[in-house]
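First the structure, in the form of structure tokens, and then the observations on it.
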């Protein structure tokens, strides 16, 4: 039985993944810290706060696997700084929370073209995020790079 931490559960990808995890018999517990409360979801630990960092800190039970489906666009974020916060800082914070809770496998949604040396802001931030996760030396790290 696996205990799971998932961030981004209010978004498109994370929402679908959360419903799949709820219906997976091998998953015994799900913690889904979010910026806004989950609605119509039962059996999931859902601490929430607008910045997400306090919600992450409220997750204290051990986890085996971390799924990070956080992501936005620069337009939706409103500024470069807000985009970096959502797509880099909160992703790295999710990973650190998972490590603190004993997780052995981190899965993260990145982007096709992610490259820390890219001249394109979006791809560069995604690449820097990937490098930060790789530097954490996860026993197992899965980086998904879907196309747009």
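Just so it is clear, none of the values below were taken in a lab; they were calculated from the coordinates. What you are looking at is a predicted structure, and each value in this text was computed from that prediction instead of being measured. Using ideal geometry, Cβ is built from the backbone for each residue, glycine included, and neighbour counts are taken over all protein chains shown.
Round to the nearest 0.05 the FRET efficiency obtained for residue 2 and residue 143 when R0 = 30 Å and r is the Cβ-Cβ distance. Could you put the intermediate results ahead of the total?
Values: r = 20 Å, r/R0 = 0.66.
Rounded to the nearest 0.05, the efficiency is 0.95.
Treating the angle as unsigned and between 0 and 90°, give the value, to the nearest 10°, between the Cα long axis of helix 12-22 and the longest Cα principal axis of the chain.
The angle comes out at about 20 degrees.
Please order 87, 61 by the number of other Cβ within 10 Å, starting at the fewest.
Fewest-to-most Cβ neighbours within 10 Å comes out as 61, 87.
Determine the principal axes of the Cα atoms in the stretch 2-144, then give the extent along each, sorted from largest to smallest and rounded to whole angstroms.
43, 32, 24
Quick check on the exposure proxy: order 121, 67, 83 from fewest to most C-beta atoms within 10 angstrom.
Numbers: 121 12, 67 26, 83 20.
Fewest-to-most ranking of 121, 67, 83: 121, 83, 67.
What do you get when you divide the Cα radius of gyration of the stretch 58-131 by 2.2 N^0.38 Å, with N the number of residues? Intermediate results must be reported in sequence, preceding the final value.
Details: Rg = 13.0 Å, N = 74, 2.2 N^0.38 = 11.3 Å.
Dividing the Cα Rg of the stretch 58-131 by 2.2 N^0.38 Å gives 1.15.
Based on the Cβ-Cβ distance of residue 27 and residue 49, what FRET efficiency does E = 1/(1 + (r/R0)^6) give at R0 = 25 Å, to the nearest 0.05? Walk me through the numbers on the way to the answer.
Numbers: r = 24 Å, r/R0 = 0.97.
Calculated transfer efficiency: 0.55.
Once you keep just the Cα pairs under 8 angstrom separated by 6 or more residues, what percentage relative contact order results for the stretch 1-140? Please report the intermediate quantities before stating the final value.
On the way: 245 pairs, mean separation 28.7, N = 140.
Computed value for the stretch 1-140: 21 percent relative contact order.
Could you state the per residue volume, in Å³, of the convex hull enclosing the Cα atoms of the stretch 1-76? It would help to have the intermediate numbers written out before the result.
Numbers: hull volume 6.5 nm³, N = 76.
Hull volume over Cα atoms, normalised by residue count, gives 86 Å³.
Sort 93-105, 23-35 by the packing proxy (mean of other Cβ within 10 Å over each peptide's residues), most packed first. Please report the intermediate quantities before stating the final value.
Working: 93-105: 18.7, 23-35: 16.5.
Put in order of decreasing packing, that is 93-105, 23-35.
Go ahead and estimate [θ] at 222 nm for the chain from helices alone: -39,500 (n - 2.57) per DSSP H run with n ≥ 4, summed, over the residue count, rounded to 500.
-9500 deg cm²/dmol
Quick one: Cα centre-to-centre distance for the stretch 95-148 and the stretch 36-65, in angstrom?
Spelled out, the Cα-based centre of one part sits 21 Å from the other.
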